[in-house]
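The next block holds one structure in the form of C-alpha cells; read it before the comments.
The numbers here are math on the coordinates, done by the rules we state, and not lab data. A quick note: this is a predicted structure, and the numbers were derived from the prediction, not measured. Cβ: placed from backbone, ideal geometry, glycine included. Neighbour counts: every protein chain shown.
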Amino acid sequence: MFLIAETFIDNDIPRAHFSCDVGACKGACCTLEGGRGAPLEEEEIEEIHRAFPVIRKYLSPEHLSVIDKSGLYEGPPGSRATTCVNEHACVFAFFEEGIARCSFERGYINGETKWRKPISCHLFPIRASRFGPDVLRYEQIAECKAGRAKGEADGTTLVEFLKDPLVRKFGETWYDSFRKECQNGLKEPAKS
C-alpha cells in the first residue's frame, strides 16, 4: 500500500486496466449476492430521501414493495447499505434489456436529480473503507472479467476510468497527486 494525503491505496490499483463492459456483465455490480447492498455514507441518507420521489418511477412493483416493507436502506448509523431484493439486487436497480441499471443514475443523467448515486457504487470496482484514514482497495470480482479485458484492450487504466468518482470523493488536487504517484510507480527504475 502507499499513501496519498492520509488515504492508503492498494498497490494493485496503479497497474490495473479497467473499462466497464455492461453489455457483458449485465450490470452485475447492482445485483451481487450477499444480502447487503451498496455501502452508504451517512450524508448520502438525505440524498436518497430527496431523490427517491423522483426516481421511484423507474423501479418495478417488486422493488417498490420491498422498499415499502423494508425501507430504502438498512443497518445502524456508520454501517448503512441499500436494501436488497431477496438478498440479491439493490432495491434501486431496474432492468433494461436484461441489464441492471441504477435508478439514481438514470435520474441524474436525465437531469431530474442533482445526486448521481452512492459513492461506493460510483467508485466500484474500487472499494473505500475507513479504519481511521480511508483505505482504497481494488476488488477484482469474476463478474468484472470483461471490464478488465476491455480496459487492457483499449489501454484504459483503472485510475483513468474512475477519475470522476475519485475527484467527487477526494477532490481534484488529491486526484492529481494520486494519478502522478500511480504513473511514477509504473516507471521502471533506470538500469545502470
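Please list, by residue number, every one of the chymotrypsin sites (Phe, Trp or Tyr not before Pro) in the stretch 75-171 that is coil in DSSP and has at most 13 other beta-carbon atoms within 10 Å.
Working: sites: Phe92, Phe94, Phe95, Phe104, Tyr108, Trp115, Phe131, Tyr138, Phe161, Phe170; in loops: Phe92, Trp115, Phe131.
Of the chymotrypsin sites (Phe, Trp or Tyr not before Pro), the ones in loops of the stretch 75-171 whose Cβ has at most 13 other Cβ atoms within 10 Å are Phe131.
Between 0 and 90 degrees, rounded to the nearest ten: what's the tilt of helix 61-70 against the longest Cα principal axis of the chain?
The angle comes out near 90 degrees.
Which whole-number value in Å³ per residue fits the convex hull of the alpha carbons of the stretch 26-120?
Convex hull volume per residue, Cα atoms: 92 Å³.
Sorted from largest down, what three extents in whole angstroms do the Cα atoms of the stretch 126-184 have along their principal axes?
32, 24, 21
May I ask you to list the GluC sites (Glu not before Pro) in the stretch 56-128 that are in a DSSP loop and have at most 12 other Cβ atoms within 10 Å of their Cβ?
Passing sites in the stretch 56-128 are Glu87, Glu97.
If each Cα of the stretch 12-68 is one equal point scatterer, what is log10 of I(q)/I(0) from the Debye formula at q = 0.12, 0.17 Å⁻¹?
Each listed q maps to, in turn, -0.48, -0.88.
First obtain the Kirkwood hydrodynamic radius of the stretch 96-168 from its Cα pairs, then insert it into the Stokes-Einstein equation at 20 °C and 1.002 mPa s, and state the resulting D in µm² per second as a whole number.
Details: Rh = 14.0 Å.
D = 153 µm²/s.
To test your reading of the geometry: what angle, between 0 and 90 degrees and rounded to tens, separates the Cα axis of helix 145-154 from the longest principal axis of the chain?
The two axes meet at around 50 degrees.
In units of 2.2 N^0.38 Å, what is the alpha-carbon radius of gyration of the chain?
1.08
Using a 10 Å cut-off around each Cβ, can you sort Asp68, Asp164, Asp134 from fewest to most neighbouring Cβ atoms?
Details: Asp68 8, Asp164 12, Asp134 16.
Ordered by Cβ neighbours within 10 Å, fewest first: Asp68, Asp164, Asp134.
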